[in-house]
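The values are calculated or read from the model by the stated rules, or taken from the named source; none is laboratory data. Just so we're clear, the structure is a prediction, and the values are computed from it rather than from any experiment. Cβ sites come from the backbone with ideal geometry, for glycine too, and all protein chains shown count toward neighbours.
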Amino acid sequence: LISNNIEMHEDFADLESPNFDMQLKKIMSVKTSIKRFAIHSPMFNQDGSIGSINSPQIKESILKCCEIARKFDRKVPIVIHAIADKKNSKKKTIETLASFIEENFNSNALPAIENLDNARGTKYLPIYSQKDFEQIFEKSSKARITLDICHFFLNGLNYKRLDDFVSSFQEKIVEIHIADEVPKVRESEGTKIGEGKINFEKTFDILSKI
């Protein structure tokens, strides 16, 4: 099962590299055996700083990922890391993101916004809460969700909130990231299942609604 599910995590160097097309051709050569395929658009600007969705560089990279998706004969989630910055309010960022998605996503590319962790400091304002996604869906019919379980609990949310989130957006969730976490310790992101504090029996029971 795992070998039939592929996620490509790309940065600017990857997208510009001549080897990237070779990698893509290899994947496409066995595409009939790939059950799930997703592309992570870059989260960081070329200078290494965290990229706001308002950044032209980030928008350009997302569009390049969309071009890749069009080469496949199936829907391909493009994972978007939606972050506001101190120059743009979260409300403005949500409006910008929704408009960008409506104008640019067609064909096989699915705009899958990831719920990020809210632990990077006050300089950055990630899209992560149920309210954030409700506001996005009011403005975009194309938007979808990448649900990151570790991020969800890093934000201090609980199983009741997870149940509410999944129940509200189960038809919008197209990608799920699963990892364990240690409460309030951001460095625990990506902890192996069983080495953190998440109750996965409860979690999987909730996720079974999708």
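For region 69-89, a residue qualifies if it is more than 19 Å from A112 (Cβ to Cβ) and modelled with pLDDT of 80 or more, and exactly one does: S89.
For region 88-118, what are the residues that are more than 12 Å from I53 (Cβ to Cβ) and basic (K, R)? Reasoning before the result, please.
Kept after step one, since they are more than 12 Å from I53 (Cβ to Cβ), are these residues of region 88-118: 89, 91, 102-110, 112, 115, 117-118.
The answer is K91, and nothing else.
Only one of these is at positive phi and not acidic (D, E): S107, S49, S99. Name it. Working first, answer last.
On the way: S49 fails: at positive phi; S99 fails: at positive phi.
Every option except S107 fails the conditions.
Go through region 144-174 and give me each residue that's assigned to a strand (DSSP E or B), in contact with a Lys or Arg (Cβ under 6 Å, 6 or more places away or on another chain) and charged (D, E, K, R). First the steps, then the outcome.
From region 144-174, those assigned to a strand (DSSP E or B) are 144-148, 173-174; that's our starting set.
Pick out the ones that are also in contact with a Lys or Arg (Cβ under 6 Å, 6 or more places away or on another chain) and you get 144-145, 174.
Of everything in region 144-174, just one residue is assigned to a strand (DSSP E or B), in contact with a Lys or Arg (Cβ under 6 Å, 6 or more places away or on another chain) and charged (D, E, K, R), namely R144.
When region 113-126 is limited to residues that are closer than 17 Å to V174 by Cα and not in a strand (DSSP E or B), the one that is modelled with the highest pLDDT turns out to be N115.
A quick yes/no check of all residues on (1) free of Cβ contacts under 8 Å to residues at least 12 places away in the same chain; (2) within 18 Å of L116 (Cβ to Cβ):
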position	(1), (2)
A143	no, yes
L157	yes, yes
K160	yes, no
V174	no, yes
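Among the residues making up region 86-100, those that are out of contact with any helix residue (DSSP H, G or I) (no Cβ under 8 Å at 6 or more places or on another chain) and not in a helix (DSSP H, G or I) are K86, K87, S89. All conditions in (1) under 24 Å from S17 (Cβ atoms); (2) among the charged types (D, E, K, R); (3) part of a helix (DSSP H, G or I); (4) in contact (Cβ under 8 Å) with a residue 12 or more places away in the chain hold for E60, with the sole exception of (4). Among the candidates I78, I68, the residue that is part of a helix (DSSP H, G or I) and in contact (Cβ under 8 Å) with a residue 12 or more places away in the chain is uniquely I68. Are any residues in region 191-210 over 7 Å from D180 (Cβ atoms) and β-branched (V, I, T), and if so, which ones? Selection gives T203, I206, I210.
For region 40-56, a residue qualifies if it is over 18 Å from E175 (Cβ atoms) and part of a loop (DSSP other than H, G, I, E, B), and the qualifying residues are N45, Q46, D47, G48, S49, G51, S52, N54, S55.
For region 154-168: of the residues being modelled with pLDDT of 90 or more and more than 22 Å from L97 (Cβ to Cβ), which is surrounded by the fewest Cβ atoms within 10 Å (Cβ to Cβ)?
Taking region 154-168 and keeping what is modelled with pLDDT of 90 or more, we get 158-168.
Checking the rest, the ones that are also more than 22 Å from L97 (Cβ to Cβ) come to 158-164, 167.
On the way: N158: 11, Y159: 15, K160: 9, R161: 15, L162: 20, D163: 16, D164: 14, S167: 11.
Here the answer is K160.
Annotation: of all residues in region 25-60 being surrounded by fewer than 20 Cβ atoms within 10 Å (Cβ to Cβ) and small (G, A, S), the one that is modelled with the lowest pLDDT is S33.
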